[in-house]
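K.L.:
Here it is: the structure, laid out below.
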Amino acid sequence: MKIERLSLNGAFHLQPNILEDHRGYFFEWFNQRIFREQTGIDFQPKQFNCSRSTFGVLRGMHFQKQPHAQSKLVTVTKGEIQDVIIDLRQDSPTFGKHFSVILSEKKKNQLFVPKGFAHGFLVLSEQAEIFYAIDDFYAPDFEDGLCHNDENLNIKWALDEKDIILSERDKTYSAFDNTVSKF
């Protein structure tokens, strides 16, 4: 497995070694020992989630506040998404910065999202199924989010704003500056 350190402090892009032949393929989705050795992070998932969305759906930018902040390992099992993370940790050298990557069924690549990051994705294929391994349980009283199109963040989404579909909840989130003060 190739693990690439990203420009955001504590975030990683993972590309598994895929063994393919006439029968299909095999790859190691996650190996805690290898991940810890290469990143210094002891990621221990406690919850596994799966979601399915259609073209143009943007889910995000979500996070859980302390003491229930979550690290996530995200992959796409069907389709393709633009995955975006934003560093909300005020003491981080990459505070307020974001990173975007295309995750796809074809590449089987993954994104490790550390605690203290907002996370969201935009579906680029007809349908997409996303699988998450998470190291803390869902705590609805600690969930929050921020506006996906905050001009100060300047995220370059792969689709025009008119083609993006948001949930009613995601439409209500505040700008980065207002959200971080609550974090």
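K.L.:
Strands (runs of 3 or more DSSP E) wholly in the stretch 38-80 with at least 3 residues that are exposed (fewer than 13 other Cβ atoms within 10 Å of the Cβ) - which ones? Can you show your working first?
P.N.:
Values: elements: 47-54, 58-64, 72-78.
Answer list for the stretch 38-80: 47-54.
K.L.:
Could I ask something else about it? Which pairs do you get when a residue that is at pLDDT 95 or above, found in the stretch 67-78, comes within reach of a residue that is of a type in the set (Asp, Glu) and in a strand (DSSP E or B), reach meaning Cβ atoms under 9 angstrom, with the pair 6+ apart or on two chains?
P.N.:
His68/Glu143; Val74/Asp83; Val76/Asp83; Val76/Glu129; Thr77/Glu129; Lys78/Glu129
K.L.:
Taking into account only those residues within the stretch 1-37 that are among the hydrophobic types (A, V, I, L, M, F, W, C) and part of a helix (DSSP H, G or I), which is farthest from Phe99 (Cα to Cα)?
P.N.:
Here is the first cut: in the stretch 1-37, the ones among the hydrophobic types (A, V, I, L, M, F, W, C) are 1, 3, 6, 8, 11-12, 14, 18-19, 26-27, 29-30, 34-35.
Restricting the remaining residues to those that are part of a helix (DSSP H, G or I) gives 34-35.
Numbers: Ile34: 24, Phe35: 20 Å.
If we take residues in the stretch 1-37 being among the hydrophobic types (A, V, I, L, M, F, W, C) and part of a helix (DSSP H, G or I), then Ile34 is farthest from Phe99 (Cα to Cα).
K.L.:
Also: Restricting to the stretch 133-145, name every residue that is part of a strand (DSSP E or B) and surrounded by fewer than 18 Cβ atoms within 10 Å (Cβ to Cβ). Spell out how you get there, then give the answer.
P.N.:
Pass one, the stretch 133-145, residues part of a strand (DSSP E or B): 133-134, 143-145.
Scanning the stretch 133-145 gives Glu143, Asp144.
K.L.:
Exactly one of these conditions fails for Leu14: (1) of a type outside the set (D, E, K, R); (2) surrounded by 11 or more Cβ atoms within 10 Å (Cβ to Cβ); (3) at pLDDT below 95. Give me its number.
P.N.:
The single condition Leu14 does not satisfy is (3).
K.L.:
Related question: Limited to the stretch 33-52, what total is found for residues that are in contact with a helix residue (DSSP H, G or I) (Cβ under 7 Å, 6 or more places away or on another chain) and of a type in the set (D, E, K, R)?
P.N.:
1
K.L.:
Next question, about the same structure. Within the stretch 90-128, restricting attention to residues that are charged (D, E, K, R), in contact (Cβ under 8 Å) with a residue 40 or more places away in the chain and more than 18 Å from Lys156 (Cβ to Cβ), which residue is surrounded by the fewest Cβ atoms within 10 Å (Cβ to Cβ)? Give the steps one after another, and end with the answer.
P.N.:
Filtering the stretch 90-128 down to residues charged (D, E, K, R) leaves 91, 97, 105-108, 115, 126.
The next check asks that each one be in contact (Cβ under 8 Å) with a residue 40 or more places away in the chain; those that pass are 97, 107-108, 115, 126.
Going one step further and asking which of them are more than 18 Å from Lys156 (Cβ to Cβ), we end up with 107-108, 115, 126.
On the way: Lys107: 15, Lys108: 18, Lys115: 17, Glu126: 10.
Selected residue: Glu126.
K.L.:
Would you pick out the residues in the stretch 77-109 that are closer than 24 Å to Glu129 by Cβ and touching a Lys or Arg at 6+ places or on another chain (Cβ under 8 Å)?
P.N.:
Of everything in the stretch 77-109, those that are closer than 24 Å to Glu129 by Cβ and touching a Lys or Arg at 6+ places or on another chain (Cβ under 8 Å) turn out to be Lys78, Glu80, Ile86, Ser100, Glu105.
K.L.:
Same structure, new question: Of Ile155, Ile130, which residue is closer than 15 Å to Arg59 by Cα, of a type in the set (Val, Ile, Thr) and part of a loop (DSSP other than H, G, I, E, B)? Can you show your working first?
P.N.:
Numbers: Ile130 fails: part of a loop (DSSP other than H, G, I, E, B).
None of the other options fit; the residue is Ile155.
K.L.:
Suppose we filter the stretch 107-127 for residues that are part of a loop (DSSP other than H, G, I, E, B) and either of a type in the set (Ser, Thr, Tyr) or within 19 Å of Phe12 (Cα to Cα) (or both); how many remain? Steps first, answer last, please.
P.N.:
We begin by selecting, within the stretch 107-127, every residue part of a loop (DSSP other than H, G, I, E, B); these are 107-109, 114-116, 124-126.
If we keep only those that are either of a type in the set (Ser, Thr, Tyr) or within 19 Å of Phe12 (Cα to Cα) (or both) too, we end up with 107-109, 114-116, 125.
Matching residues across the stretch 107-127 total 7.
K.L.:
Return yes when Ser100 is of a type in the set (Gly, Ala, Ser), at pLDDT 95 or above, assigned to a loop (DSSP other than H, G, I, E, B) and more than 10 Å from Val74 (Cα to Cα) and no when it is not.
P.N.:
Numbers: of a type in the set (Gly, Ala, Ser): yes; at pLDDT 95 or above: yes; assigned to a loop (DSSP other than H, G, I, E, B): no; more than 10 Å from Val74 (Cα to Cα): yes.
In short, no.
K.L.:
State yes or no: is Ile165 farther than 21 Å from Phe95 by Cβ and of a type in the set (A, V, I, L, M)?
P.N.:
Taking the combined requirement at face value, the residue satisfies it.
The values are calculated or read from the model by the stated rules, or taken from the named source; none is laboratory data. Being a predicted model, the structure only gives us computed values, none of them experimental. Cβ sites come from the backbone with ideal geometry, for glycine too, and all protein chains shown count toward neighbours.
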